[in-house]
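*Asks:* One structure, as structure tokens, below. Some questions next.
The values are calculated or read from the model by the stated rules, or taken from the named source; none is laboratory data. Being a predicted model, the structure only gives us computed values, none of them experimental. Positions of Cβ are backbone-derived with ideal geometry, glycine not excepted, and every protein chain shown enters the neighbour counts.
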Amino acid sequence: MRGHSHPGDRRLAGGIAVIFDDADLIVVDKPSGMLSVPTPRESGISALEILEDFIRKGQAKSRKKLFPVNRLDKFTSGILIFAKTMEMREKMHVDWAGQTLKTYVAVVNGRMRELSGRVESNLIEEPSMMVRSTGDPTWGKPAVTEWNVLRAGERRSLLEIHPLTGRKNQIRVQMADIGHPIVGDRKYGGGDGNGRLALHAWKIALPHPRDNRPMEFESPIPAEITRLTGSD
């Protein structure tokens, strides 16, 4: 089963697009600048709120709910998945690590010395909400990210990235750790990205939680990301 975001997909409030919708799941393409779920620390409507209104068909008293399977940072765009029952979300979380392949694209600062690489570290979240690597495995959680170069410029590089674990801010922290922070990532030293974080959840492949049939979803790489390496 394949799903691709394209202009014919259902467009909802805020530019969010529905890629796939069945009795168990709803898969969407989230734009940069939208929260995945509500948070007391940030303002603005979230994808969860928009989608729950969508499945309730405007009926405020409806008890229909959605449960996030994955989350994207506010300024990361791309594929976001919600389950329609807690049972399905829990099943997907059990399968998530071993059977799910996530592919991101990112523009990072600098020219990569190699065409591909792997980053392994232990990540810890500070009380300030910053995530950092630590050399103490008893404190941090192991995180692994693989990357390869799609386009190399003198000042910036376009990368395909596969996070093999799912830690908070994992890609952002580990790319900064190796001296190539993501463009537009002010939190981790990436500077200005013309108004957005140059990180996009591009593809995801995983089994359907009900019958294990394979599913693949893809969101087009935003033009504003590819343009960031076009002048190098």
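*Asks:* In the range 101-142, which residue that is of a type in the set (Ser, Thr, Tyr) and at pLDDT below 90 is farthest from residue 183 (Cα to Cα)?
*Replies:* Step one: filter the range 101-142 for residues of a type in the set (Ser, Thr, Tyr), giving 103-104, 116, 121, 128, 133-134, 138.
When the remaining residues are screened for being at pLDDT below 90, the result is 128, 134, 138.
Numbers: 128: 22, 134: 23, 138: 31 Å.
Among residues in the range 101-142 that are of a type in the set (Ser, Thr, Tyr) and at pLDDT below 90, the one farthest from residue 183 (Cα to Cα) is 138.
*Asks:* Sort out which residues of the range 21-35 are in a loop (DSSP other than H, G, I, E, B) and under 16 Å from the mean Cα position of the chain (by Cα), and write them in order of number. Spell out the reasoning first.
*Replies:* Residues of the range 21-35 that are in a loop (DSSP other than H, G, I, E, B), as a first pass: 22-24, 31-34.
The answer is 31, 32, 33, 34.
*Asks:* Filter the range 157-213 down to the residues that are in contact with a Ser or Thr (Cβ under 8 Å, 6 or more places away or on another chain), β-branched (Val, Ile, Thr) and in a strand (DSSP E or B) and list them by number.
*Replies:* Answer for the range 157-213, where residues must be in contact with a Ser or Thr (Cβ under 8 Å, 6 or more places away or on another chain), β-branched (Val, Ile, Thr) and in a strand (DSSP E or B): 161, 204.
*Asks:* Return a yes/no flag: does the range 197-219 have any residue that is over 18 Å from residue 69 (Cβ atoms), crowded, with 16+ Cβ neighbours inside 10 Å and basic (Lys, Arg).
*Replies:* Looking through the range 197-219, none of the residues is over 18 Å from residue 69 (Cβ atoms), crowded, with 16+ Cβ neighbours inside 10 Å and basic (Lys, Arg).
*Asks:* Right, residue 119: under 20 Å from the mean Cα position of the chain (by Cα), surrounded by 14 or more Cβ atoms within 10 Å (Cβ to Cβ) and not charged (D, E, K, R) or not? Walk me through it before giving the result.
*Replies:* On the way: under 20 Å from the mean Cα position of the chain (by Cα): yes; surrounded by 14 or more Cβ atoms within 10 Å (Cβ to Cβ): yes; not charged (D, E, K, R): yes.
Yes; evaluated as a whole, the condition is true for this residue.
*Asks:* Mind telling me which of the residues 134, 138, 145, 165 ends up being hydroxyl-bearing (Ser, Thr, Tyr), closer than 20 Å to residue 204 by Cβ and surrounded by fewer than 16 Cβ atoms within 10 Å (Cβ to Cβ)?
*Replies:* Values: 134 fails: closer than 20 Å to residue 204 by Cβ; 138 fails: closer than 20 Å to residue 204 by Cβ; 145 fails: surrounded by fewer than 16 Cβ atoms within 10 Å (Cβ to Cβ).
After applying the criteria, what remains is 165.
*Asks:* When you go through (1) more than 21 Å from residue 205 (Cβ to Cβ); (2) surrounded by fewer than 19 Cβ atoms within 10 Å (Cβ to Cβ); (3) hydrophobic (A, V, I, L, M, F, W, C); (4) in contact with a Lys or Arg (Cβ under 8 Å, 6 or more places away or on another chain) one by one for residue 182, which number turns out not to apply?
*Replies:* Of everything listed in (1) more than 21 Å from residue 205 (Cβ to Cβ); (2) surrounded by fewer than 19 Cβ atoms within 10 Å (Cβ to Cβ); (3) hydrophobic (A, V, I, L, M, F, W, C); (4) in contact with a Lys or Arg (Cβ under 8 Å, 6 or more places away or on another chain), residue 182 misses just condition (2).
*Asks:* Also: Is it true that some residue in the range 40-54 is buried (at least 17 other Cβ atoms within 10 Å of the Cβ) and either assigned to a strand (DSSP E or B) or among the polar types (S, T, N, Q) (or both)?
*Replies:* Yes, the range 40-54 has at least one match.
*Asks:* Residues of the range 61-109 being in a strand (DSSP E or B), closer than 16 Å to residue 47 by Cβ and hydrophobic (A, V, I, L, M, F, W, C), which ones?
*Replies:* Quick first cut of the range 61-109, residues in a strand (DSSP E or B) only: 67-68, 77-83, 101-109.
From what is left, the residues that are closer than 16 Å to residue 47 by Cβ are 67-68, 77-83.
If the condition is that a residue be in a strand (DSSP E or B), closer than 16 Å to residue 47 by Cβ and hydrophobic (A, V, I, L, M, F, W, C), then 67, 79, 80, 81, 82, 83 are the ones that fit.
*Asks:* Output the number of residues of the range 36-58 satisfying the condition of being over 21 Å from residue 85 (Cα atoms) and either modelled with pLDDT of 95 or more or over 19 Å from the mean Cα position of the chain (by Cα) (or both).
*Replies:* Final tally of qualifying residues: 3.
*Asks:* Follow-up. Any residue at all in the range 84-97 that is surrounded by 15 or more Cβ atoms within 10 Å (Cβ to Cβ), touching a residue at least 40 places away in the same chain (Cβ under 8 Å), closer than 25 Å to residue 212 by Cα and touching a Leu at 6+ places or on another chain (Cβ under 6 Å)?
*Replies:* no
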